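Nothing in this text is a laboratory measurement; each read-out follows from the coordinates by a stated rule. Here the structure is a predicted model, which means the values were calculated and not measured. Cβ coordinates were reconstructed from backbone atoms using ideal geometry, including for glycine residues, and neighbour counts include every protein chain displayed.
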Amino acid sequence: MAIAEHRRRRERLMRMMEPGSIAVLPAAEETMRNRDTAHLFRQDSDFYYLTGFEEPGALLVLAPGRAHGEVILFCQERDPVFERWNGERVGPDRAQQVLAVDDAFPMGDVEDILPGLLEGRERIYVTLGEHPAFDADLLGWVKGIRAREASGARPPGEFVALRHLLHDLRLVKSAAELKLMRKAAGITVGAHLRAMRTTKPGLTEAHIEAEIIHEFMRNGARFPAYPCIVGAGANACIMHYVRNDATMKDGDLVLVDAGCEYQYYASDVTRTFPINGRFTGEQRAVYEIVLAAQAAAIKAAQPGAHFNVPHEMAIDVMVDGLLNEGLLNGDKAEIIEAGTYQQFCVHKTSHWLGIDVHDVGDYRVDGTWRALEPGMVITVEPGIYIAKDEPDAPQRFRGMGIRIEDDVLITKTGNEVLTAAAPKQIDTIEAAMHG
Ligand code: GLY
Ligand code: MN
Ligand code: MN
């Protein structure tokens, strides 16, 4: 992503901020996996969105109207010994040029410099609660300014949540963001095809996960956007199944929910297919219901429709289908009203997608569902799950979990399914598995 894009985002955010305010946003900190070994570092999503800077130990300050520069970055100083072991740092001296910020200081100088930046501003935009150690420091600095009020210091009077403004920006994707999301989608489609081609009875779920991760990494996506779910048979009914250590059995389905993160942008795709390459009659029947529900939901994902419309469409189709198969009994309207379908349809149909897999942005505004707008990206992912001990289901349906998930960009005229190339019709899946 061009650094100018990050600069434009900061400018837009500063224009949205109330007069007399300042925003402060810390970078992510390294977290330890075990004693002295850290998790692979990933930058905080908001911080990355505004800076494109991938180091820990940094702080972004936006101070609209500041004469010496509105955008200030604190970051770690260069250090030959550290860099020999861990790689190059940008360092404050190069930050202006590399990151297009106005001013940069060593992180060690925050305590000396930040209180002076806060003083005289009426409100501070912060992500309170997400970086507790930083929050405590910040309160300490504000208190320090208050202590000098008698001698003329002007402490900020208000803390305001930064997330409403910032996350509204993140919700609508730019052309540059969509380019990365298309790339993420393309890599993920390739991984699902490879999963279909590889799957056969006797392999473990982990074998399929490994194929997927290999496909991600060799295409430049170092991380999955979330841990891969490869659930064979009844494991597909566990929503966040990530053990992936069972052996895949002839005659069962496998549910694969996997998406890569490409240059900080997520994809999120689920395909469900028969381990031996052929759907049974029962599998086909339930699969066709979910597929029809997904088609109806995608069709309903239109600009101007509210966020929950695709979910309502999916539920309508799935309840019809479950009634037809005798898995639900009773009056359709009552089932929907009472929510008894949730025995089989466990989760909602959509979420925002972007830098985070469950991306930011309010789903409701002033208590009502938000309208979909061009540039928003959602998933559409209906599912039916019939637990292995489900007393209300005939034996032949038990232990079956089916979800079909695609990533859908809302456009001016309708939508574009970014992940459409991953097979999901019964015949195209069977063909991919036998090709
Ligand atoms: N993979 C997480 C989700 O589908 O929401
Ligand atoms: Mn998913
Ligand atoms: Mn999802």
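What the Cβ-Cβ distance of Trp369 and Leu323 gives, at R0 = 30 Å and to the nearest 0.05, is a FRET efficiency of 0.70. With just the Cα atoms defining each centre, how far is segment 113-142 from segment 178-234? Give it in Å. Result: 42 Å between the Cα centres.
Remark: the chain carries a charge dipole of roughly 760 debye about the Cα centre, counting +1 on each Lys and Arg Cβ and -1 on each Asp and Glu Cβ. With the convex hull constructed from alpha-carbon coordinates only, segment 23-81 shows a mean projected area of 5.2 nm² over all directions.
Spin-label model, Asp362 to Ala67: label points 7 Å out along the Cα-to-beta-carbon direction sit 3.8 nm apart.
For segment 227-308, rounded, prolate or oblate, judged on the Cα gyration tensor with a ≥ b ≥ c (square roots of eigenvalues), a/c < 1.5 rounded, else prolate if a/b > b/c? Cα axes put segment 227-308 in the oblate bin.
When the helices of the chain are scored as -39500 (n - 2.57) per DSSP H run of n ≥ 4 and the total is divided over every residue, the value at 222 nm lands at -11500 deg cm²/dmol. What's log10 of I(q)/I(0) for segment 365-418 at q = 0.13, 0.14, 0.18 Å⁻¹, Debye sum over Cα points only, no solvent? Here log10 of I(q) over I(0) equals -0.55, -0.59, -0.70.
In percent, rounded to a whole number, the relative contact order of segment 347-435 is 23, using alpha-carbon pairs under 8 Å and six or more apart. One way to sum up the overall shape of segment 217-273 is the equivalent ellipsoid from its Cα gyration tensor, whose semi-axes run 24, 10, 10 Å, largest first. Report the FRET efficiency, 1/(1 + (r/R0)^6), for Ala420 and Phe82, where r is their Cβ-Cβ distance and R0 is 35 Å, rounded to 0.05. Result of the calculation: an efficiency of 0.15.
Taken over the C-alpha atoms, the chain has Rg and Dmax values of 24.9, 82 angstrom. In a simple Cβ point-charge model (Lys, Arg +1; Asp, Glu -1; nothing else charged), segment 306-435 has a dipole of about 180 debye relative to its Cα centre.
The Rg/Rh ratio for segment 390-433, using Cα coordinates for both the radius of gyration and the Kirkwood hydrodynamic radius, is 1.18. On the basis of the beta-carbon distance and an R0 of 22 Å, Met217 and His240 show a calculated FRET efficiency of 0.45. Each Lys or Arg adds one and each Asp or Glu subtracts one; over the other residues with Cβ under 14 Å from the Cβ of Met400, this totals -1. Among Val256, Val242, Val189, the largest mean-square fluctuation in a Gaussian network model of the chain (Cα springs under 10 Å) belongs to Val242. Past 26 Å, Cα to Cα, is the threshold; run Lys332/Lys412; Lys200/Lys299; Lys299/Lys424; Lys183/Lys299; Lys249/Lys388; Lys179/Lys200 against it and keep the listed order. Listed pairs above 26 Å: Lys332/Lys412; Lys200/Lys299; Lys179/Lys200. Here the spin labels are modelled as points 7 Å beyond Cα on the Cα-Cβ line, and at Glu334 and His39 they lie 4.7 nm apart.
Judged by the ratio a/c of the largest to the smallest principal axis of the C-alpha gyration tensor, segment 246-369 counts as oblate, that ratio being 1.5 or greater while a/b is no larger than b/c. For the pair Arg284 and Thr247 in one chain, pulling the backbone fully straight at 0.36 nm per residue adds 11.1 nm over the alpha carbon distance. Under a Gaussian network description of the chain, with springs only between Cα atoms under 10 Å, the residue in Phe105, Phe41, Phe82 that fluctuates furthest is Phe82. Relative to the dominant Cα principal axis of the chain, helix 3-16 is inclined by about 80°. Prolate is the label for segment 1-114, because the ratio a/c of its alpha-carbon gyration tensor axes (a ≥ b ≥ c) is 1.5 or higher and a/b is greater than b/c.
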